Amino acid sequence: MNEFLPRGWGVQGERGIAFVITGPSGAGKSSVIAALLRRDPKLAFSVSATTRPKRPDEVDGRDYYFVSEAAFDRLVAEGKLLEWTTYQGHRYGTPRSEVVDRLALGQDVVLNVEVRGALAILNAGLSHPVVLVFMVPPTRDELIRRIRARGTESPDILQARLAIANEEVKLIPAFHYLVVNDDLAAAVARVEAIVAAERARIVPWPT
Ligand code: 5GP
């Protein structure tokens, strides 16, 4: 702790902070987070559990814990998940240990979750600060282009994803920060500015 701080005060960066990155499919959350983790070794990624099949470029335990439906049921029944949801037919959940244990050690944790999961983390009663970042593409046209680029050929699926995105952006006012992802490096720099500002925030400190 800095010696100029009066007794009973600290800066938030001395404790663990949970940075929750959310936004519609196509916002580019995963790429921004990957760059962020490479640049800041003090950030730890919260690896979610999912029942979705592994993609070829993904690594079990790094990108997700890929689990069976039965194993996911057990995680839910045993209260091991901080929150969980069903998204496009598969279940995704945040293991309590990924977040709570690291925060307790004073590490900052980064989460990549969909919009309702982000709000669930805020309301999960963590005894550490939770910072909610909502990421969007610069325009609706660009959102459509990025969803198409993900191999969404069928107009029905495209329409369904756009409809979900339209519902999600209505929840933006519940978030703390909006980051426009027009360019990867610029978006990473914006999130880094948020991380730096939150670490420098002066807060009452239990003595
Ligand atoms: P994908 O299958 O493309 O990796 O992820 C689909 C969506 O699930 C993304 O919006 C991602 O942020 C979200 N997601 C990943 N892990 C979790 C989780 O643990 N909880 C919630 N609520 N959403 C998650």
ask   = Roughly what % of Cα-Cα distances in region 62-207 sit above 24 Å, to the whole percent?
value = 44
Kirkwood hydrodynamic radius of region 1-111, from inverse mean 1/r over distinct Cα pairs, in Å = 15.7
task = Report, to the nearest 10°, how far helix 29-39 tilts away from the longest principal axis of the Cα atoms in the chain, using its own Cα long axis and a range of 0 to 90°.
result = 40
key: Residues of region 139-193: accessible area per residue with a 1.4 Å probe, Å²   = 64
5 angstrom amide H check on Met135, placed H, neighbours 5+ away = Thr22, Gly23, Val179
message = I'd like to check one number: the per residue accessible area of region 33-124, probe 1.4 Å, reported in Å² as a whole number.
response = 53
ask   = Mind checking the dipole of the chain: about its Cα centre, +1 per Lys or Arg Cβ, -1 per Asp or Glu Cβ, Debye to the nearest 20?
value = 100
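Between the DSSP loop rule and a limit of at most 15 other Cβ atoms within 10 Å, which GluC sites (Glu not before Pro) in region 121-207 are left?
Here the sparse-neighbourhood loop sites are Glu153.
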query = Mind listing the Cα extents of region 16-62 along all three principal axes, in Å, largest one first?
reply = 31, 24, 17
query = Where does each of 95-103, 77-85, 4-12 land if you order them by average Cβ count within 10 Å, highest first?
reply = 95-103, 77-85, 4-12
ask   = What full-extension length gain, to one decimal in nm, is calculated for Leu184 and Ser68 as 0.36 nm per residue of separation minus the Cα-Cα distance?
value = 38.4 nm
inquiry  = Could you give each residue of region 71-81 its phi-based ³J(HN,Hα) in whole Hz, using Karplus coefficients 6.51, -1.76, 1.60 with θ = phi - 60°, and x for Gly or Pro?
reply    = 5, 5, 3, 5, 4, 5, 4, 8, x, 7, 10
task = Would you mind getting me the FRET efficiency between Gln88 and Trp205? Use the beta-carbon distance for r and R0 = 41 Å, nearest 0.05.
result = 0.45
request  = May I ask for the distance between the Cα centers of region 137-207 and region 95-126, given as a whole number of Å?
outcome  = 18
Theoretical FRET efficiency, 1/(1+(r/R0)^6), r = Cβ-Cβ of Ile172 and Glu3, R0 35 Å, to 0.05 = 0.30
message = Pairs on different chains or at least eight residues apart, Cα atoms closer than 25 Å: how many lysine pairs in the chain fit?
response = 6
request  = In nm, give the distance between the simple-model label positions of Arg145 and Ser31, each being 7 Å from the Cα along the Cα-to-Cβ direction.
outcome  = 1.1
task = Compare Ile144, Ile121, Ile157 in a GNM of the chain, Cα atoms joined below 10 Å, and give the one with the largest fluctuation.
result = Ile157
message = If I build a Gaussian network model for the chain, linking alpha-carbon pairs within less than 10 angstrom, which residue out of Val133, Val59, Val113 has the largest mean-square fluctuation?
response = Val59
ask   = Once phi is turned into θ = phi - 60°, what whole-Hz ³J(HN,Hα) does the Karplus curve with 6.51, -1.76 and 1.60 give for every residue of region 141-148, x standing for Gly and Pro?
value = 4, 5, 4, 4, 4, 6, 5, 4
inquiry  = Can you compute the helix-only [θ] at 222 nm over the chain? Use -39500 (n - 2.57) per DSSP H run of at least 4 residues, normalise by all residues, nearest 500 deg cm²/dmol.
reply    = -11500 deg cm²/dmol
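The values are calculated or read from the model by the stated rules, or taken from the named source; none is laboratory data. Predicted, not measured: the structure shown is a model, and the values here were computed from it. Note: ideal-geometry Cβ built from the backbone for every residue, glycine included; neighbour counts use all protein chains shown. What goes into the accessible areas is simple: the full protein's heavy atoms, side chains included, and nothing from ligands, DNA or RNA. Shrake-Rupley method; radii C 1.70, N 1.55, O 1.52, S 1.80 Å.
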